[in-house]
1. In the chain, what percent of the accessible surface is made up of carbon and sulfur (1.4 Å probe, ligands and nucleic acids excluded)?
2. Once label points are set 7 Å from the Cα along Cα→Cβ at both E249 and R53, what is their separation, rounded to one decimal in nm?
3. Just reorder C154, C309 by solvent-accessible area, largest first, 1.4 Å probe, all chains present.
4. So if I place +1 on the C-beta of Lys and Arg and -1 on the C-beta of Asp and Glu, and nothing else carries charge, what would the dipole magnitude of region 20-108 be about its Cα centre? I want it in debye, nearest 20.
5. State the answer as a single residue: which of Y208, I247, M235 lies farthest towards the positive end of the charge dipole of region 185-313, with beta carbon charges of +1 for Lys and Arg and -1 for Asp and Glu, about the Cα centre.
6. Residue separation times 0.36 nm, minus the C-alpha to C-alpha distance between K313 and D135: what's the value?
7. Just to be sure I understand the model, the point goes 7 Å from the Cα along the line to the Cβ. What's the resulting E153 to D34 distance in nm?
8. Suppose all protein chains stay in the model; what accessible area per residue would a 1.4 Å probe give for the chain, in Å²?
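The values are calculated or read from the model by the stated rules, or taken from the named source; none is laboratory data. This one's a predicted model, so the numbers in the text were calculated from it and none came from an experiment. Here the Cβ positions follow ideal geometry from the backbone for every residue, glycine too, while neighbour counts run over all protein chains shown. These accessible areas exclude ligands, DNA and RNA; they are computed on the full protein's heavy atoms, side chains included. Shrake-Rupley method; radii C 1.70, N 1.55, O 1.52, S 1.80 Å.
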Amino acid sequence: MKKRLAALIIVLMILSPSVLRAEQKYCTIGELHDLIEEEYPDGWQESIQTKWRTVEINTPVIVPDTDKMPILFLRQVKENEIDVSLLPGEGWTSDSGIRISASRASDPSKPNFDRMKIESNHYYAPVNMEMRLEDFEGKTLRELAQEIMDALECVNQGESGFDVEHPFDVMVNVATDPKTKKSQECYVSYLAYQTVADIPLFWHMSSYLNYDLPVWKERIPLVNLLMGMNAYNGMRFMYCPLQSKTIEEDVPLADFSQVQNVLRKEVEAGHIRKILEIRLGYTAVDVKDDPEGYTGATRPIWHVEAWWCKNGKAKMVEDDPDYPTNDHGKLEYAKIAIDAQTGEILSIVGDAAPKQKTKGIEQYQGYIGWER
């Protein structure tokens, strides 16, 4: 028995790290998408018992419907001008620069909402895009978003796409006339991720750090799509055109079970109290001294939004009854970046986030290839 055990130890010692990594389960983004669609059509649902409480996981999991996840270098398109004559309707104005923005004037006969009380209602992922707005002719959020996208695509520059099917924040403003007390939906706006290679680009890695990086003007900026419209012909949109070059056609991704395991561990430790959403995509990291002027690179991550507490025993801070908040406004709200290739937590940002060794993760450090 001892001889067999010694032989086994020797075999494990001579195995190279690359051979051991080969035993890990990797998959393509297409396989991940199909797995989530089949096994988690209603999201990840699980009840986890900890020493202090039971945590119910009921979390949407969003994976892009595409076959490959390439590694790309990115650069900004700095000189942008659009021809407003290409946009539908009249009354358009635009601004040029790193960001493209355009807006269309409202019907001058619209009510003066500035004199009304405005209530802003936020809807977070997963947003019900079939929700109808009665004061927008009963159209759905999807139909209204498509109207804005039809205008945007008339002048879309660069290689930018937009994940408007999965916005991360939709705001519907309701105006109430102080005299008549009549209320009406007056404005709807969408925040959605831009996409590269049909995959959402969340934020730069700095957005997941608890400290500010030194300012670098060439850093890939915040690139979310912002668009909105009112019920009186007014419309606007703003985005940041990017260019890319492919460094690697496709890279392997860790199986979703590895992501679940690392999150489950933090739930059991009492840190995670609720997981709001899990979404696969890219963060941007810095590239320096590229001869073609590319200043960023894509890094595959799972973007996780959760409630995070440092102490497993601690109770969450209760809302002020006079100022109730939503799930994303809690003091314990945190964003977590998980390496999509290893399944390991890269960084956590939030008021209650723990101390972490994150130095240098904002820099491009290569990737794991299929050959490993």
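1. 49 percent
2. In this crude spin-label approximation the distance works out to 4.9 nm.
3. From most accessible down to least: C154, C309.
4. The dipole of region 20-108 has a size of about 600 debye.
5. Of the options given, the answer is Y208.
6. 59.4 nm
7. 2.8 nm
8. 52 Å²
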